[in-house]
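The values are calculated or read from the model by the stated rules, or taken from the named source; none is laboratory data. Given the structure is predicted, the values throughout are model-derived calculations rather than measurements. Reconstructed Cβ throughout: ideal geometry from the backbone, glycine too, with neighbour counts over all protein chains shown. Side chains included, ligands, DNA and RNA excluded: accessible areas come from the protein's heavy atoms. Shrake-Rupley method; radii C 1.70, N 1.55, O 1.52, S 1.80 Å.
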Number of protein chains: 4
Amino acid sequence: MIRVAVFGATGYTGLELVGILARHPAVEIRFLVSGSQAGRSLRAVHPAAPDLPLVGAAEAPLGAVDAVFLCLPHGQSARTAAAALQAGARVIDLSADYRLRDAAEYEAWYQAPHPHPELLSEAVYGLTEACRAYLPEARLVANPGCYPTSILLPLWPLLEAGALTGTVIADSKSGVSGAGRIPKVGTLYAELAENFYPYGIGQTHRHWPEMRQEMNGWSAAAPELVFAPHLLPVTRGMLSTLHLELAAGWDLDRARLTLESRYATEAFVRVLPPGEAASLAHVARTNRCVIGVHAAGPANRLVLTSALDNLVKGASGQAVQNFNVMFGLPETQGLVA
Amino acid sequence: MIRVAVFGATGYTGLELVGILARHPAVEIRFLVSGSQAGRSLRAVHPAAPDLPLVGAAEAPLGAVDAVFLCLPHGQSARTAAAALQAGARVIDLSADYRLRDAAEYEAWYQAPHPHPELLSEAVYGLTEACRAYLPEARLVANPGCYPTSILLPLWPLLEAGALTGTVIADSKSGVSGAGRIPKVGTLYAELAENFYPYGIGQTHRHWPEMRQEMNGWSAAAPELVFAPHLLPVTRGMLSTLHLELAAGWDLDRARLTLESRYATEAFVRVLPPGEAASLAHVARTNRCVIGVHAAGPANRLVLTSALDNLVKGASGQAVQNFNVMFGLPETQGLVA
Amino acid sequence: MIRVAVFGATGYTGLELVGILARHPAVEIRFLVSGSQAGRSLRAVHPAAPDLPLVGAAEAPLGAVDAVFLCLPHGQSARTAAAALQAGARVIDLSADYRLRDAAEYEAWYQAPHPHPELLSEAVYGLTEACRAYLPEARLVANPGCYPTSILLPLWPLLEAGALTGTVIADSKSGVSGAGRIPKVGTLYAELAENFYPYGIGQTHRHWPEMRQEMNGWSAAAPELVFAPHLLPVTRGMLSTLHLELAAGWDLDRARLTLESRYATEAFVRVLPPGEAASLAHVARTNRCVIGVHAAGPANRLVLTSALDNLVKGASGQAVQNFNVMFGLPETQGLVA
Amino acid sequence: MIRVAVFGATGYTGLELVGILARHPAVEIRFLVSGSQAGRSLRAVHPAAPDLPLVGAAEAPLGAVDAVFLCLPHGQSARTAAAALQAGARVIDLSADYRLRDAAEYEAWYQAPHPHPELLSEAVYGLTEACRAYLPEARLVANPGCYPTSILLPLWPLLEAGALTGTVIADSKSGVSGAGRIPKVGTLYAELAENFYPYGIGQTHRHWPEMRQEMNGWSAAAPELVFAPHLLPVTRGMLSTLHLELAAGWDLDRARLTLESRYATEAFVRVLPPGEAASLAHVARTNRCVIGVHAAGPANRLVLTSALDNLVKGASGQAVQNFNVMFGLPETQGLVA
């Protein structure tokens, strides 16, 4: 049994993660940490959660676990990661702290110096399908953001193949659990039900530099990226509609074949048959990402649709997928494919 | 034009009230008060609200208005009401502060002495259909709670006629706007969507003594009242299912006739035809209360269903209905019947 | 591996059942039957379903399976059950056809003679916790309705103990998946979202005689039952609020102890701690039933709240629970407790 | 009083229209036509509708009204329009039948010859803000589709000014009432709640040729249009996110000024202040269209967001707005601005 701990167990990402880990046959949950709810049971925080105790960070025996999952605010996450590595645990960080490899860029986007810039170079950006080879040796994995996962999985094979040019328009729509469990007016039921709206349009959302970094890593001539996230009146799920320009020599069929061949052997990524669009119903409560391939009309353009569950493949499920590969377990163990 | 002010304009009740008053042909809104948002426009608080300025309580010219509507927390409401009366304005208080006529009972349920017990005796409990005669002379109206309105309107004619005995079971279900616009975990979208649950079961909810007081006022031998409120995953609307025992000599037909004859001339109360049950769709965004009359099975029992919009007939609409009668305007003016 | 078949795989109950069976480690799904969708894959019917073929009833090899699950309309289900028994399979019938033990009562409630009255006497009413002893020998199990499961589980221990008198008021609220997947105006998104309403009030719903039959079986002096079902704007989940009268000698504490001691060793029934009410969040996507025990106010009254997922413990999960016991498997296998 | 009739009163568009007309101070509803519900009251079809009788088409006295509103399926609408014109009534057609000015294009998109091609040339495409001058003399108005209204209102001033080049990406999201009240599996509550998905991607949706026609009418060098509609889990409301390329000499500020100056005097179109994005909450149950103007990142690109209520400004509200101008009434009469 691999001994694990979760920091930040009482938010939506943490609750989802504890639920997955509690059913994982190769995992022993050693402790769950909560800053605000220490001393209570996780079940007191959410009625469907396992009846497990929450401890404060000061009482957390970092040396007693093989792996630590961090569902903490940025900044705090970077410091806890460093302490866990120091204590000998491997770290899967679900915050943004180790996603940007450039400390100056981190500081520009998060308005604070990075607490541990010396760790940035070894952190693996954990889009599992793209980084799998690095995971068995990794000490520190930066689990990708939900939007980046839903956008980069369909883009990656096309970028590597040089299929894209011009500008990528990523028009994304997310369920509200991505906004967290801290109460705010904007995420109240009475504000969001029967409502819908965009936010962080253009190149202003913190997930944008993370996507640009990976796109540039895959292609010396990556297209410009314009991002338009929206908030959906659903609890979980994320759908990205990608409006793409094809490079010379590319058409819909070649793009489809490229995607299909890249993902043919992947358990969690499914390229949908012609005529079928991605939907939240494809992916809710699974670790799947489904990708639809659509004619745009003009022959040099393409539309892709991708869907995933922002709490699973977009966060906690991918974290466990990374964990499985890190520890030599079957990649799908404990996850719904 | 009658000059009015609203205190507490930025909560759900206040927003609904300002919306009604802004379209009311005989009303001039002189000022809107907000403790937390003074200096901003109401539209900055909610995108569908009128573009009207919010002022702080200290700058509110109480002497410049004919009527003041209070959408304030209890305690604070009682004090503002007293100041407004002092300044010569008439008051419609949407809080609970002047609903209980007994200061000791107020203190027991609200854990604080009543700030102005001397005003309790003159306050009119503003269930418009039942108190209409007192409104033209009233200086201070205690607008009923949403649950009491939905439960007392169907009960009132039957209680006055002596139709009921035993125990009244009021199983009520409310939309979440009744819980207010202050952010709390329990009213987040991700907590309430696809969820449903009761709370405050039995005789513990603060609306219970208010209902018992009115029931006892209408009948020397009023039945016991057991209350079970529930929270619905809807923004607005309230439905009460009343499980009743009939006194000797009563049956479904006689009860139906009693309700129909009492409400035949009322603009806002509609007794539904046989076979039709109340629904939220009957009443959303109107000042209506609809009442369904149903066979329970046993001949000495009866089931009533009643529906209203908790923000309109359950709060701000009834407040304007009371205001209309107080100021000699047509009772339906500015309201949807 | 136990070989099973599902008839009626494309409705909500069937889809849920196939999902559970597909993950069940001791089950081999041999075939799925659909009247309307034969020849397609189940995944074409719902994007999250397993990619399994649908066959027509005429091509279904009844002799090739150990157990048959029926998610068919009443009447049709009774005939298929008889054919399956004839072919040597054991039957779990999720329709109402074998729930009422009296053929005349069936005819009165379903407006048609029972197609196989000779099988009524051997059918086991499959409320697992109450019928467990009969399941290992049973050939034919009548899986209970969703409302009866949510109401009878909390009532059963109290009825057997003689705790109840007078009238039981069962005020129940159900998610819309219980209304089926056949398109009707009333279950359209635009009709139900932000709506809520009762239907079938009193003693008119077809689940009422089923509950009365079981109540009378457990108590020679069972209370009268008045039923008030409501439709919730949620997809899955059911909550029943039970308003009860206690017999002489009973109070809340004794009732709580009776429930706790009956269910202490049950994997799927949880009596909640004092002060906690049942909610849909407790039970969604699990085979659980949770029960809350509440003071009504008057000492001779009691309120219980019970919640379950209408598609799981209220239908397909309980069907698999029954199947597990019938075939000597661990009762919780393949189910979420 | 202007005497009007509505054909197809029982769908969502018809119900909304009757609601508006019933409150319109200058309108007398003479009759409502329903093919399927003739003989019933409209209130029997929907509990919040006015209590008005429905007649069959054969009994409809076309000669007795000044204006006819058509909420009929295509084909049927064209024929009823011709009959109404023949009888001397003016027609506002909410179907697609008179939107495309080219009979061959109609036949290609609707798979049937146009029943009355001779009327196409006189029909006015009723995007009120753009066609206002033609309405006082118009006999026949083709009310625009909901998607075209939400997309063309923000595009129109920019196209006329020559601000756009390249490709317009219109990523639109609609509430489900636009899919109509005929029951289908895809619009059931249990299918759509917590779901979201695109459909009709590219240049395949029937609203696409309508938009292209108008865009080409406004600009000799109109950009290509790629359309991606999505279905939202909300009843009403539509939001379009427009990803635009700016022509040489244009930037965000100039585009904003162009929109602001065009719409400065319009009652129903509001250009939002910098930093504010369109949302469904801005427009629900109003005849408004709000437009947000956003930096895309690259200086030669622009993002616009527009929101309207698909049943009001996207259908029945705009129909009444057109009617008001046709009959010389104040343009905002009976409508919420």
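Would you tally the residues in the range B:263-296 being among the β-branched types (Val, Ile, Thr), out of contact with any strand residue (DSSP E or B) (no Cβ under 7 Å at 6 or more places or on another chain) and more than 21 Å from residue B:160 (Cβ to Cβ)?
Filtering the range B:263-296 for residues among the β-branched types (Val, Ile, Thr) gives B:265, B:269, B:271, B:283, B:286, B:290-291, B:293.
Filter once more, keeping what is out of contact with any strand residue (DSSP E or B) (no Cβ under 7 Å at 6 or more places or on another chain): B:265, B:286.
Next cut, more than 21 Å from residue B:160 (Cβ to Cβ) only: B:286.
So the count comes out to 1.
Take residue B:301 and decide whether it is open to solvent by 30 Å² or more (accessible area, probe 1.4 Å) and touching a strand residue (DSSP E or B) at 6+ places or on another chain (Cβ under 7 Å). Full working, then the answer.
Working: open to solvent by 30 Å² or more (accessible area, probe 1.4 Å): no; touching a strand residue (DSSP E or B) at 6+ places or on another chain (Cβ under 7 Å): yes.
In short, no.
For the range A:32-58, how many residues are open to solvent by 10 Å² or more (accessible area, probe 1.4 Å), in contact (Cβ under 8 Å) with a residue 24 or more places away in the chain and in a helix (DSSP H, G or I)?
Selection size over the range A:32-58: 2.
I'd like the residue in the range D:168-178 that is within 15 Å of residue D:200 (Cβ to Cβ) and more than 8 Å from every other protein chain (Cβ to nearest Cβ) and, out of all such residues, is most open to solvent (accessible area, probe 1.4 Å). Give the derivation first.
Step one: of the range D:168-178, the residues within 15 Å of residue D:200 (Cβ to Cβ) are D:169-174, D:176, D:178.
Okay, now just the ones that are also more than 8 Å from every other protein chain (Cβ to nearest Cβ), so D:170, D:172, D:174, D:178.
Values: D:170: 0, D:172: 0, D:174: 6, D:178: 53 Å².
Ranking the qualifying residues of the range D:168-178, first place goes to D:178.
Starting from the range D:105-118, keep only residues that are open to solvent by less than 50 Å² (accessible area, probe 1.4 Å), then list their pairs with residues that are assigned to a loop (DSSP other than H, G, I, E, B) and small (Gly, Ala, Ser) whose Cβ atoms are within a distance under 8 Å, requiring at least 6 positions of separation or different chains.
D:110/D:75; D:110/D:96; D:112/D:75; D:115/D:75
Please go through (1) within 16 Å of the chain's Cα centre (by Cα); (2) over 18 Å from residue A:311 (Cα atoms); (3) buried (at least 24 other Cβ atoms within 10 Å of the Cβ) for residue A:146 and return the number of the only condition it doesn't satisfy.
Single failed check for residue A:146: (2).
So the check is Cβ under 9 Å with 6+ separation or different chains; which pairs have a first residue in the range A:219-230 that's of a type in the set (S, T, N, Q) and a second one that's modelled with pLDDT under 95 and in a loop (DSSP other than H, G, I, E, B)?
Matching pairs, first to second residue: none at all.
Taking the range C:278-295, which residues are surrounded by fewer than 24 Cβ atoms within 10 Å (Cβ to Cβ), facing chain B (nearest Cβ under 9 Å) and either of a type in the set (Phe, Trp, Tyr) or in contact (Cβ under 8 Å) with a residue 24 or more places away in the chain (or both)?
C:284, C:295
Hey, any hits in the range D:78-85 for a residue that's in contact with a helix residue (DSSP H, G or I) (Cβ under 9 Å, 6 or more places away or on another chain) and of a type outside the set (A, V, I, L, M)? Full working, then the answer.
First, pick out the residues of the range D:78-85 that are in contact with a helix residue (DSSP H, G or I) (Cβ under 9 Å, 6 or more places away or on another chain): D:78, D:80-85.
Okay, now just the ones that are also of a type outside the set (A, V, I, L, M), so D:80.
Checking the range D:78-85: at least one residue is in contact with a helix residue (DSSP H, G or I) (Cβ under 9 Å, 6 or more places away or on another chain) and of a type outside the set (A, V, I, L, M).
Which numbered condition in (1) within 14 Å of chain B (Cβ to nearest Cβ); (2) open to solvent by 20 Å² or more (accessible area, probe 1.4 Å); (3) touching a residue at least 24 places away in the same chain (Cβ under 8 Å); (4) not in a strand (DSSP E or B) is the only one that residue C:165 fails?
For residue C:165, the failing item is (4).
Looking at the range B:190-213, can you tell me whether even one residue there is more than 17 Å from the chain's Cα centre (by Cα) and away from chain C (no Cβ under 11 Å)? Before the answer, list the steps.
The first filter runs over the range B:190-213 and keeps only residues more than 17 Å from the chain's Cα centre (by Cα), leaving B:190-204.
The next check asks that each one be away from chain C (no Cβ under 11 Å); those that pass are none.
Among the residues of the range B:190-213, not one is more than 17 Å from the chain's Cα centre (by Cα) and away from chain C (no Cβ under 11 Å), which makes the answer no.
Mind checking which residues of the range B:46-55 are more than 13 Å from residue B:6 (Cβ to Cβ) and either at pLDDT below 95 or not charged (D, E, K, R) (or both)? Step through it out loud before you land on a result.
We begin by selecting, within the range B:46-55, every residue more than 13 Å from residue B:6 (Cβ to Cβ); these are B:46-48, B:51.
Matches in the range B:46-55: B:46, B:47, B:48.
Does residue D:273 satisfy being at the interface with another protein chain (Cβ under 8 Å from one of its Cβ atoms) and surrounded by fewer than 24 Cβ atoms within 10 Å (Cβ to Cβ)? So that I can check it myself, show each step before the final result.
Numbers: at the interface with another protein chain (Cβ under 8 Å from one of its Cβ atoms): no; surrounded by fewer than 24 Cβ atoms within 10 Å (Cβ to Cβ): yes.
Taking the combined requirement at face value, the residue does not satisfy it.
Modelled with pLDDT of 95 or more and open to solvent by 20 Å² or more (accessible area, probe 1.4 Å), is that true of residue C:138?
Working: modelled with pLDDT of 95 or more: yes; open to solvent by 20 Å² or more (accessible area, probe 1.4 Å): no.
No.
Before we move on, is residue B:316 assigned to a strand (DSSP E or B), polar (S, T, N, Q) and in contact (Cβ under 8 Å) with a residue 40 or more places away in the chain?
Details: assigned to a strand (DSSP E or B): no; polar (S, T, N, Q): yes; in contact (Cβ under 8 Å) with a residue 40 or more places away in the chain: yes.
Taking the combined requirement at face value, the residue does not satisfy it.
I'm checking my understanding of the structure. Among residues of the range A:296-307 that are farther than 15 Å from residue A:276 by Cα and more than 7 Å from every other protein chain (Cβ to nearest Cβ), which one is farthest from the chain's Cα centre (by Cα)? So that I can check it myself, show each step before the final result.
Step one: list which residues in the range A:296-307 are farther than 15 Å from residue A:276 by Cα, which gives A:297-301.
If we keep only those that are more than 7 Å from every other protein chain (Cβ to nearest Cβ) too, we end up with A:299-300.
Numbers: A:299: 32, A:300: 30 Å.
Only one residue fits best here, namely A:299.
Scan the range B:59-89 for residues that are open to solvent by 50 Å² or more (accessible area, probe 1.4 Å) and either within 21 Å of residue B:178 (Cβ to Cβ) or not in a loop (DSSP other than H, G, I, E, B) (or both) and report the count. Write out each step before concluding.
At the first step, the residues of the range B:59-89 found to be open to solvent by 50 Å² or more (accessible area, probe 1.4 Å) are B:59, B:61, B:63, B:73-74, B:76, B:79, B:86, B:88.
Cutting the leftovers down to either within 21 Å of residue B:178 (Cβ to Cβ) or not in a loop (DSSP other than H, G, I, E, B) (or both) gives us B:59, B:63, B:73-74, B:76, B:79, B:86.
Selection size over the range B:59-89: 7.
Yes/no matrix, rows are residues, columns are (1) closer than 23 Å to residue D:317 by Cα; (2) among the hydroxyl-bearing types (Ser, Thr, Tyr); (3) open to solvent by 10 Å² or more (accessible area, probe 1.4 Å):
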| position | (1), (2), (3) |
| --- | --- |
| D:226 | no, no, no |
| D:230 | yes, no, no |
| D:234 | yes, no, no |
| D:240 | yes, yes, no |
| D:249 | no, no, yes |
| D:258 | no, yes, yes |
| D:261 | no, yes, yes |
| D:266 | yes, no, yes |
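Residues checked against (1) in a loop (DSSP other than H, G, I, E, B); (2) in contact with a helix residue (DSSP H, G or I) (Cβ under 7 Å, 6 or more places away or on another chain):
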{"site": "D:147", "(1), (2)": "no, yes"}
{"site": "D:150", "(1), (2)": "no, yes"}
{"site": "D:156", "(1), (2)": "no, yes"}
{"site": "D:173", "(1), (2)": "no, no"}
{"site": "D:182", "(1), (2)": "yes, no"}
{"site": "D:200", "(1), (2)": "yes, no"}
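For the range C:205-231, which residues satisfy the criterion of being aliphatic (A, V, I, L, M), under 28 Å from residue B:232 (Cβ atoms) and in contact with a helix residue (DSSP H, G or I) (Cβ under 7 Å, 6 or more places away or on another chain)?
We begin by selecting, within the range C:205-231, every residue aliphatic (A, V, I, L, M); these are C:211, C:215, C:220-222, C:225-226, C:228, C:231.
Next cut, under 28 Å from residue B:232 (Cβ atoms) only: C:211, C:225-226, C:228, C:231.
Once the filter is applied, which keeps residues that are aliphatic (A, V, I, L, M), under 28 Å from residue B:232 (Cβ atoms) and in contact with a helix residue (DSSP H, G or I) (Cβ under 7 Å, 6 or more places away or on another chain), the range C:205-231 yields C:211, C:225, C:231.
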